Amino acid sequence: MKIAIIGGGLAGLTAAAYLSDSQDTSGTVFERSPQLGGRAFTYEKSGFTLNYGAHAVYGIDRHTLQQMEQELGLLFQSKQVDKRKVMYAKHGHLTPAPLDFINIMKTDVLTAMEKVRFVAEIAAVIGNLHQLKRYRTLGEYLDQSGASADVKELWAHLVCSNFFITPEDARKVSGEVIADYYHNLFLSQKPVNYILGSWATITDQLVGKINGNKQWDIAVKEAVESIAMENGKFILRTKTREAVEFDRVILAMPVQQVCKLLESSPWAQALNPYKENTCTEVLVYDVGFSKVVARPFHYISDMDNKVFISDVSATDHTIVPEGGQLLQGIAYLNDEFGDEEQKKQYLESKTLQMEALFDTYYPDWREHTAVKRVSKKAMVSSVKNIHTNKLLPNKLTGLPFLFCGDGCEGKGELAERAFSSGRAAARMLLAEKAETKALVH
Ligand SMILES: Cc1cc2nc3c(=O)[nH]c(=O)nc-3n(C[C@H](O)[C@H](O)[C@H](O)COP(=O)(O)OP(=O)(O)OC[C@H]3O[C@@H](n4cnc5c(N)ncnc54)[C@H](O)[C@@H]3O)c2cc1C
């Protein structure tokens, strides 16, 4: 079976690593950029390891990466963010983020009675008994919950942080999605971990596995420009290859890019329900300091402006030069604007809020900055997981392809959905191959 995988991000590399583990497959991973990793791409600048995305893993002990570690023999280390150093800033006041029982007792974002209610809510989520899962959205649940304004704000803020969205969008996330997500996260012993050395630690090993099978190759700087079907075979065209034939194709890229690639093909119509999906974008503000600016916290989340700063190198010390420090600021963004000018002004105001947060908590940050990287609209999740959007299944009726990526159905959110859907797509093809073999024998 000769397989084409279009997209060399986390999803495509995961699918290819599983498939190339089986000796009787062959194939090619096509990636249009000069580098692999997609939105999990990592690069070096003046000794700092900068990530296009971030490499926090939520609930690593219950994460798809655990299965991949065993099944693919991956070797990586991770380190947990120190929960005692995670703070919320509310009206200029710093208080522990209520991430576990100890922090809930210490935090000022809830009163004593609200703490009792919130702990009861956590217990209900863990026990799979929480009413939230029966509600169409978090907003509808909160409106009918009878909870105090602080408890409502806390729920919305948690969803903002884990789904990288604004409070308005947090209210649109399905109750079932949230209940499932926090059931998993609250049961985790390791809620937030960083993979030491960034996503490159994982992607390099996936690439190593693919390259270990001589029947597989990876073609970078080679965008697939069209796909056609002739006599039951897929014919792919790229700038440098006129026509390459494959038995199966996995599309491992955001649904917006899938729609573009297939727009003038006979399959375009089947994608109509997914065409209007919106994505999640954030503003990213990375600053690398030449020397450590010690602070009694590693993460500050500004509850008023929905902007946060992570001291990434406090957890992953491998990503800075000797004595350096790397902070990553992120602002969740609205996506509804009257026109481009309004959008531009909004992004400028978010940048100022971000810089103001640095000014407040790292007053001399401008002097210490050795490296800076600002991205004003980085796509975190290709399909925002709100109830009006539709995640793409691995297999879609009427289409001969398989799909994977963070906009596909799968376990978890963000990168976990890229990994889990990449693994699922590969396993579907491997099962199909095993079935065909059994029929032949
Ligand atoms: C700022 C930011 C912070 C983030 N933080 C976290 C975090 O802390 N934790 C977490 O779990 N996740 C996080 N994420 C999300 C995570 O990075 C993504 O979910 C994941 O990288 C998506 O992988 P993917 O393979 O689905 O898609 P992509 O990375 O988009 O890969 C798709 C690939 O397909 C290629 N491609 C597209 N069209 C073609 C074509 N026609 N031919 C060939 N190649 C093509 C693209 O170039 C791309 O490389 C973050 C992302 C961002 C941007």
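The values are calculated or read from the model by the stated rules, or taken from the named source; none is laboratory data. Computed from a predicted structure; not experimentally measured. All Cβ positions, even for glycine, are placed from backbone atoms using ideal geometry, and neighbour counts span all protein chains on display. The area values use the complete protein model at the heavy-atom level, side chains included, leaving out ligands, DNA and RNA. Shrake-Rupley method; radii C 1.70, N 1.55, O 1.52, S 1.80 Å.
Observations, loosely collected:
- Backbone phi angles across the range 401-412, fed through the Karplus curve with coefficients 6.51, -1.76 and 1.60 (θ = phi - 60°), yield HN-Hα couplings of 9, 10, 10, 8, x, 6, x, 9, 5, x, 7, x Hz in residue order; Gly and Pro are listed as x.
- Degrees separating the helix 149-163 axis from the principal Cα axis of the chain, which is the longest one: 30
- Cut-off under 5 Å, modelled amide H: who pairs with residue 381 long-range: 280
- Each of 105, 35, 256 was scored by the projection of its Cα onto the charge dipole of the chain, and the greatest displacement toward the positive side belongs to 35; charges sit on the C-beta of Lys, Arg, Asp and Glu.
- Here's the picture: charge each Lys and Arg Cβ at +1 and each Asp and Glu Cβ at -1 in the range 113-247, and of 208, 173, 231 the one pushed furthest to the positive end of that dipole is 208.
- Here the relative contact order of the chain, from alpha carbon pairs under 8 Å that lie six or more residues apart, stands at 24 percent.
- Filter on 384/411; 190/376; 133/384; 133/377; 260/390 - keep pairs with C-alpha separation over 20 Å: 190/376; 133/377
- Cα lying deepest toward the dipole's positive end in the chain, options 26, 55, 434, charges on Cβ: 434
- Angle in degrees between helix 10-20 and the longest Cα principal axis of the chain, rounded to the nearest 10: 40
- For the chain, the Cβ-based charge dipole about the Cα centre amounts to some 500 debye (Lys, Arg positive; Asp, Glu negative; other atoms uncharged).
- Amide proton proximity set for residue 27, modelled H, under 5 Å, gap of 5+: 3, 216, 217
- Sites matching GluC sites (Glu not before Pro) across the range 156-260 that sit in DSSP coil, with at most 13 neighbouring C-beta atoms within 10 Å: 242
- The solvent-accessible area of residue 83, taken with every protein chain present and a 1.4 Å probe, is close to 50 Å².
- Listed cross-link partners 239/437; 221/433; 221/372 are compared with a 32 Å cut-off, the Cα-Cα value being larger for 239/437.
- Between 0 and 90°, nearest 10: helix 112-126 axis offset from the chain longest Cα axis: 20
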